[in-house]
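I have placed the structure first, in the form of structure tokens, so that the comments after it can refer back to it.
The values are calculated or read from the model by the stated rules, or taken from the named source; none is laboratory data. Note that the coordinates shown come from a computational prediction; the quantities given were computed from them, not determined experimentally. Here Cβ is always computed from backbone atoms with ideal geometry, including for glycine, and neighbour counts include all displayed protein chains.
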Amino acid sequence: MKVSYEWLHDYCDFDLAPDELARRLNLRGVAVERVTQVGADFCLELEITANRPDLLSHIGVAREIAALTGSRLRIPAVEFVEEEREVARLARVEVQAPELCPRYTARVLSGVRVAPAPPEMRRRLEAIGLRPVNNVVDITNYVLMECGQPQHAFDLARLRGASVCIRQAAAGETIKLIDGTEVRLAPEHLVIADAERPVALAGVMGGLQTEIGEATTTVLLESAKFNPVNIRRTARGTGKTSDSSYRFERGVDTRTVEWASRRAAALMQQHAGARVAAGVIDVNFTREGPRPVRLRIPRVERVLGVKVGASEAVRLLEGIGFGAEAQGDDAVAVTVPSFRPDVAQEIDVIEEIARCYGYDRVPDATGLLVCDVPIAKADRVAAAARETLVRLGYSEAVTTSFLPEKHARTFSPWTVGEPLCVRNPLRSDEAALRRSLLPSLLQVARVNQDRGVGAVRLFEVNRVYLRRPDGQLLPEERRCLAVVAHEGFLGVKGATEAVLERFGLLRNASLEPVAHEFLAPGAAGLWRLGAGVAGYIGELSEATAAAFELRQAPCVAELDLDFLTPSAVLEPRHRGLPRFPAIERDLAIVVSEATAWRDIVRAVESAGAQYLEEIRFGEVYRGKQVESGRKSVFFRLTYRAPDRTLTNDEVNANQEQVIAALAARAGATLRT
């Protein structure tokens with residue numbers, strides 16, 4: 001943003017030199033990058049943050065100067081003579097997209113004499129880097145730089161049907177812009193059209209067909225407010241930007257829209273001999289009311305560390321255009337002006353007080369108490385799960401909570417209740433709240449598949465929403481961890497085991513077979529922690545994979561983090577390195593096919609072997625040497641004493657205890 005030093009004097013009185021003015025503005029949080037002399041004038045280049053659109057004008061900067069110097073801000077008086085003809089009889093305006101154009105005003109000026117702008121106006125525009133064109137165009141640019149409200153002047157004689165329609169473009173429409181380029185439009189682009197064609201890319205750039213030329217005598221003057229997000233997308237999508245789009249993207253003040261129109265009309269009457277039709281066409285869908293904020297004076301001192309009284313706060317806030325009224329010594333009723341969309345809460349008002357009071361006056365040592373806020377255990381558990389899976393090479397996905405109802409019904413590992421549906425979904429085909437994270441991840445897997453990435457390793461930590469059995473309106477929210485990967489059952493099982501190990505729960509967790517309709521038969525398991533269900537794991541069934549249009553069925557897992565959190569031990573426990581050697585013994589036992597590894601581990605642990613340190617799985621054998629219905633399990637036992645080297649007799653005694661326990665509790669026999 002460039003401002004003219006000389007031009008600023010129109011709006012307030014100050015005698016600060018350009019460099020001193022730049023220094024003082026910087027101290028108020030208005031960053032001045034450089035000061036450059038341009039003839040007898042100086043150009044100040046400001047770096048304006050996106051949340052301060054009020055500073056994108058000379059009046060906005062002058063307001064800050066008036067506040068810091070204690071002078072009065074002068075807003076130019078607007079006076080012009082209207083003729084008897086009413087504007088509504090000369091032009092028509094229709095807004096078909098009110099959500100994209102909440103306010104549109106139009107005035108008609110006739111008898112316009114297009115000529116060069118006055119020398120002073122041209123000099124000021126040149127000082128801030130704008131090229132003068134003619135008096136009509138220069139006046140719209142002048143008012144833009146004066147108050148921050150973009151405007152556009154159409155040659156009314158070249159508007160077919162003497163009408164403008166603010167609508168979304170039709171697919172395939174094109175427009176030739178005033179820079180000479182042709183743009184192909186899309187339905188998401190907002191255009192200003194006459195009765196037959198687009199004549200301007202709304203909020204971005206005017207069209208060549210209706211630009212002001214030497215033959216122009218009648219002008220339709222536009223001043224409007226457009227949706228910032230739409231303007232930003234249009235500018236990025238078309239590759240076209242302008243001073244107007246820069247301001248529309250950040251939001252313009254609704255109240256300034258009509259004032260800027262009157263200001264430009266008055267200047268055109270003064271410098272182009274225009275006759276102004278009576279009235280203004282004002283299509284206004286905005287409903288903006290006062291924005292009150294209650295400021296607590298003790299809160300100001302707690303935040304800033306300096307004492308600012310109620311009367312001082314009122315003075316500082318009124319200096320920058322806020323309404324402020326002291327309510328005793330402890331509070332101020334603040335009314336936020338419409339040109340400050342960035343101020344919404346008490347803390348924002350306190351920031352404004354800090355700016356106006358002077359950051360340089362805030363003491364370095366305030367004596368403020370800094371409190372250490374502990375991170376909730378549930379959040380630390382979720383963070384540990386993320387860290388573990390990322391280290392294993394998984395990618396985290398973040399998905400929405402809504403699903404198509406058919407997908408929401410496919411997965412229900414946590415409840416038999418029906419999925420909850422919202423009445424007014426953002427998308428009509430996604431109305432159901434998910435009961436599992438897996439459908440969301442499977443949709444991500446399908447998107448990757450459609451883009452040529454057939455194998456994924458994904459996880460998500462998020463909430464699922466379960467219908468409460470007692471009929472309460474709000475659902476039960478449960479935080480879960482889901483994994484989807486094309487790396488086989490053992491790979492996903494290893495990932496979930498790594499997470500459980502990080503939680504310090506793997507030793508107490510067990511995996512048992514389970515049947516679920518969305519998992520393949522014989523390739524599905526249920527994680528248990530004690531008597532509770534901790535999660536599910538398995539290979540996706542072919543029918544479920546087909547429902548999500550996946551060519552290859554991945555393996556999936558989902559853990560209930562809310563269930564695991566109370567038992568999780570996240571702080572690592574360390575012990576010193578052993579001073580004495582270990583002795584290992586291998587065992588090969590024959591057990592029933594139905595005996596799970598966890599049953600063998602429990603049997604070994606129940607033996608009470610004094611020096612047993614570790615049980616390590618080896619392999620399972622099924623073959624000719626083992627009778628039908630039974631299997632051979634090989635594993636290794638490690639024995640160690642903390643204070644000496646064990647003797648063979650001591651180890652043998654422990655080994656006999658283990659073998660006896662296996663026979664008694666697991667029906668095991670030694671394989672010979």
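Quick grid of which residues meet (1) within 27 Å of ARG380 (Cβ to Cβ); (2) in the same structural domain as ARG463 (by TED's automatic domain parsing); (3) hydrophobic (A, V, I, L, M, F, W, C); (4) in contact with a Gly (Cβ under 6 Å, 6 or more places away or on another chain):
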| residue | (1), (2), (3), (4) |
| --- | --- |
| GLU539 | no, yes, no, no |
| ALA543 | no, yes, yes, no |
| GLU549 | no, yes, no, no |
| GLN552 | no, yes, no, no |
| VAL556 | yes, yes, yes, no |
| PRO572 | yes, no, no, no |
| ARG575 | yes, no, no, no |
| PRO578 | no, no, no, no |
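Keeping to segment 449-480, report how many residues are under 22 Å from the mean Cα position of the chain (by Cα) and either loosely packed, with under 12 Cβ neighbours inside 10 Å or under 18 Å from PRO554 (Cα atoms) (or both). Summing the residues that are under 22 Å from the mean Cα position of the chain (by Cα) and either loosely packed, with under 12 Cβ neighbours inside 10 Å or under 18 Å from PRO554 (Cα atoms) (or both) in segment 449-480 gives 3. Pairs meeting the criteria (first residue in segment 532-547 and under 15 Å from VAL483 (Cα atoms) and at pLDDT 90 or above, second residue β-branched (Val, Ile, Thr) and not in a strand (DSSP E or B), beta carbons under 8 Å, at least 6 apart or on different chains) are GLY535/THR496; TYR536/VAL514; ILE537/VAL492; ILE537/THR496; GLY538/VAL514. Among the strands (runs of 3 or more DSSP E) confined to segment 274-329, the ones with at least 2 residues that are hydrophobic (A, V, I, L, M, F, W, C) and touching a Leu at 6+ places or on another chain (Cβ under 9 Å) are located at 275-278.
Number of residues in segment 340-364 that are touching a Gly at 6+ places or on another chain (Cβ under 8 Å) and in a loop (DSSP other than H, G, I, E, B): the value is 4. Regarding GLY129, is this residue at positive phi and within 41 Å of the chain's Cα centre (by Cα)? Considered against the rule, which asks whether it is at positive phi and within 41 Å of the chain's Cα centre (by Cα), GLY129 comes out as yes. Kindly indicate whether any position in segment 560-577 is on the phi < 0 side of the Ramachandran plot, surrounded by fewer than 12 Cβ atoms within 10 Å (Cβ to Cβ) and in a strand (DSSP E or B). Within segment 560-577, not a single residue is on the phi < 0 side of the Ramachandran plot, surrounded by fewer than 12 Cβ atoms within 10 Å (Cβ to Cβ) and in a strand (DSSP E or B). From the residues in segment 216-243 that are without any contact (Cβ under 8 Å) to a residue 12 or more places away in the chain and either assigned to a loop (DSSP other than H, G, I, E, B) or hydrophobic (A, V, I, L, M, F, W, C) (or both), which one is farthest from ARG113 (Cα to Cα)? Step by step, filter segment 216-243, then rank; the result is VAL229.
Across segment 41-66, the number of residues qualifying as of a type in the set (A, V, I, L, M, F, W, C) and over 35 Å from the mean Cα position of the chain (by Cα) comes to 3. Scan segment 377-428 residue by residue and report those that are in a loop (DSSP other than H, G, I, E, B), within 23 Å of the chain's Cα centre (by Cα) and either hydrophobic (A, V, I, L, M, F, W, C) or not assigned by TED's automatic domain parsing to the domain that holds LEU442 (or both). ALA397, VAL398, VAL422, LEU426, listed by residue number.
Per-residue answers, yes or no, for (1) more than 26 Å from ALA260 (Cβ to Cβ); (2) among the aromatic types (Phe, Trp, Tyr):
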site	(1), (2)
TYR11	no, yes
ASP19	yes, no
ARG24	yes, no
SER71	no, no
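Tell me, yes or no, whether segment 56-63 has at least one residue that is surrounded by fewer than 22 Cβ atoms within 10 Å (Cβ to Cβ) and among the small types (Gly, Ala, Ser). No: segment 56-63 contains no residue that is surrounded by fewer than 22 Cβ atoms within 10 Å (Cβ to Cβ) and among the small types (Gly, Ala, Ser).
Scanning segment 593-652 for residues that are of a type in the set (A, V, I, L, M, F, W, C), under 18 Å from GLU512 (Cβ atoms) and not in a strand (DSSP E or B) returns ALA594, ALA596, TRP597, ILE600, VAL601, ALA603. The single condition among (1) surrounded by 21 or more Cβ atoms within 10 Å (Cβ to Cβ); (2) out of contact with any Phe, Trp or Tyr (no Cβ under 8 Å at 6 or more places or on another chain) that ALA66 does not satisfy is (2).
No other residue among PHE459, PHE548 is under 17 Å from ARG386 (Cβ atoms) and of a type in the set (Phe, Trp, Tyr) apart from PHE459.
Look at GLY39 and say whether it is over 21 Å from GLY203 (Cα atoms) and touching a Phe, Trp or Tyr at 6+ places or on another chain (Cβ under 9 Å). In short, no. In this structure, is VAL492 outside any strand (DSSP E or B) and outside the structural domain of ILE600 (by TED's automatic domain parsing)? The answer is yes for VAL492. Selection of segment 170-194 for residues being among the small types (Gly, Ala, Ser), closer than 17 Å to ALA97 by Cβ and either surrounded by fewer than 21 Cβ atoms within 10 Å (Cβ to Cβ) or modelled with pLDDT under 95 (or both) yields ALA170, ALA171, ALA186.
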